[in-house]
């Protein structure tokens, strides 16, 4: 936790050289190459600027410095929290960043989240799978690479548009516009942002974790999120049957991730450690303990045990000794051991402190509901030991946000002695309550949840794991209902294309989004006036202005 972030100065050092200096560098190179006929210095400069990040490691180093700077900014001001949406395809990530840039003129404090759940459900060669680490581990780095391929193409496309505008300004003799466009190039903000990538429970032992971590970092990941479940029994964090591992097992995997970062020269890579202990009542192993009070003994102290006499020990029984007593942990038919009920929060706190003291940078506490008081009650205890502890938090679609917050408001009203007779707590999800004071107060709490919890509960990063999974399903359902119903083609035109045009959605020009204009300009670089280009007068993309 004493890591000193590289910060803004290092990001500035990674900024590309100015447009003019790029042209001059290309001119100097071409001057000594008389046979490279037809290669123009400005075209070379443009292509270099459009391909700022040459490798995944370039991306990882840049985004790690960016994320470290954001973490330091949050420590100074909790209003500067960060956000991300989970993406299961490069196109989804690209459109998200293009939209953010369009609406807010910046991508500051905007990240991507790569969800293992969505890879399992949408990207496995086995078809849709539950979130149990059964998908191919190679699909994780492959998706990271895909995300950044699409983000780099978003850079190339936007810059290409500026280059075309620059050529038009020069042709028109508009010096002021030419100067403004060159300044825009020099201050261009990339679409490349940090990705927090889910490595599940490491897909095996510490060596397997290290090998996969390397592939993920090489693909561009600056932040790896790893959880304390048993790798071969891994479950979705919001389902039952979760099994945790002793701290030493988990710490070995944290160290494996750190070694991978350091080996590859990403010295400020971020490790996010997730604890599932709040909802995990089982362990596969009894921890090794060498002395009373050590980390193994603390882990074992939460086991559900019964005191036994040495004469009553049966064949195959496992016995532990504590304070002069012989204790038999309760073992299930599955050969798993169970923890005492009500110990989940205490185990989460111990998990988090132990992780931060052994190389973790951010915490992730998986909860069963979005409740600021619950999260803060654990974070307050963690911060007694690690004052600047901070979290990434899953604003999960697995929560019924409407119902949870209406319940919270209902319970608060009732506890305050307010009249709740008009509400049926069991039916608060019904639309008939939408315009009631209770529902409006609940919606306001949902709206401010991220800002409020960033301030009160130490949440630096807010993510939604599966948003685009749900938006794809919802939008497709709405389109199918209209298109295959009475609306026919109007169902598409009115609700999709017309909205794209009026809202300025770049994808309405889908040929351009796929790289058609970039390709045309390359053809001109390569073939000059002989280039056969697609963007002529008969290209129907011109209908969209």
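Within the range 490-542, the only residue that satisfies the criterion of being touching a residue at least 60 places away in the same chain (Cβ under 8 Å) and over 22 Å from residue 152 (Cα atoms) is 528.
Consider the range 308-325 and keep the residues that are surrounded by 10 or more Cβ atoms within 10 Å (Cβ to Cβ) and touching a strand residue (DSSP E or B) at 6+ places or on another chain (Cβ under 7 Å). The one that is farthest from residue 289 (Cα to Cα) is 308.
Take the conditions (1) free of Cβ contacts under 8 Å to residues at least 40 places away in the same chain; (2) assigned to a loop (DSSP other than H, G, I, E, B); (3) in contact with a helix residue (DSSP H, G or I) (Cβ under 6 Å, 6 or more places away or on another chain); residue 333 misses just one of them, which is (3).
Going through 72, 154 one at a time, which residue ends up being assigned to a helix (DSSP H, G or I), out of contact with any strand residue (DSSP E or B) (no Cβ under 7 Å at 6 or more places or on another chain) and surrounded by fewer than 21 Cβ atoms within 10 Å (Cβ to Cβ)? Result of the check over 72, 154: 72.
Considering (1) in contact with a helix residue (DSSP H, G or I) (Cβ under 9 Å, 6 or more places away or on another chain); (2) more than 25 Å from residue 368 (Cα to Cα); (3) without any contact (Cβ under 8 Å) to a residue 40 or more places away in the chain, say which one residue 349 fails and leave the rest. With respect to (1) in contact with a helix residue (DSSP H, G or I) (Cβ under 9 Å, 6 or more places away or on another chain); (2) more than 25 Å from residue 368 (Cα to Cα); (3) without any contact (Cβ under 8 Å) to a residue 40 or more places away in the chain, residue 349 is out only on (2). A count restricted to the range 205-221 and to residues that are in contact with a strand residue (DSSP E or B) (Cβ under 8 Å, 6 or more places away or on another chain) and assigned to a helix (DSSP H, G or I) stands at 4. If you check 254, 270, 226 for being closer than 30 Å to residue 49 by Cβ, buried (at least 21 other Cβ atoms within 10 Å of the Cβ) and either in contact with a strand residue (DSSP E or B) (Cβ under 9 Å, 6 or more places away or on another chain) or without any contact (Cβ under 8 Å) to a residue 24 or more places away in the chain (or both), only one passes: 270. Answer with yes or no whether residue 439 is farther than 30 Å from residue 74 by Cβ, surrounded by 15 or more Cβ atoms within 10 Å (Cβ to Cβ) and over 27 Å from the mean Cα position of the chain (by Cα). Considered against the rule, which asks whether it is farther than 30 Å from residue 74 by Cβ, surrounded by 15 or more Cβ atoms within 10 Å (Cβ to Cβ) and over 27 Å from the mean Cα position of the chain (by Cα), residue 439 comes out as yes. Filtered by the rule that a residue be in a loop (DSSP other than H, G, I, E, B) and more than 29 Å from residue 381 (Cα to Cα), the range 314-329 gives 314, 315, 316, 317, 318, 319, 324. Does residue 343 satisfy being touching a residue at least 24 places away in the same chain (Cβ under 8 Å) and touching a helix residue (DSSP H, G or I) at 6+ places or on another chain (Cβ under 9 Å)? No: the conditions fail for residue 343.
Of the residues that make up the range 7-30, is at least one under 25 Å from the mean Cα position of the chain (by Cα), over 30 Å from residue 178 (Cα atoms), modelled with pLDDT under 95 and outside any helix (DSSP H, G or I)? Yes. Considering the range 523-541, the residues that are in contact with a helix residue (DSSP H, G or I) (Cβ under 8 Å, 6 or more places away or on another chain) and closer than 20 Å to residue 47 by Cα include one that is modelled with the highest pLDDT, namely 525.
Apart from one condition, residue 518 fits all of (1) surrounded by 15 or more Cβ atoms within 10 Å (Cβ to Cβ); (2) over 30 Å from the mean Cα position of the chain (by Cα); the exception is (2). Residue 349 passes every criterion in (1) modelled with pLDDT of 95 or more; (2) part of a loop (DSSP other than H, G, I, E, B) apart from (2). Out of 265, 279, 293, one residue alone is surrounded by fewer than 16 Cβ atoms within 10 Å (Cβ to Cβ) and touching a residue at least 60 places away in the same chain (Cβ under 8 Å). It is 265. Answer with yes or no whether residue 144 is crowded, with 21+ Cβ neighbours inside 10 Å and assigned to a helix (DSSP H, G or I). So residue 144 passes the test.
The values are calculated or read from the model by the stated rules, or taken from the named source; none is laboratory data. Here the structure is a predicted model, which means the values were calculated and not measured. No Cβ is skipped: glycine too gets one built from the backbone with ideal geometry, and neighbour counts run over all protein chains shown.
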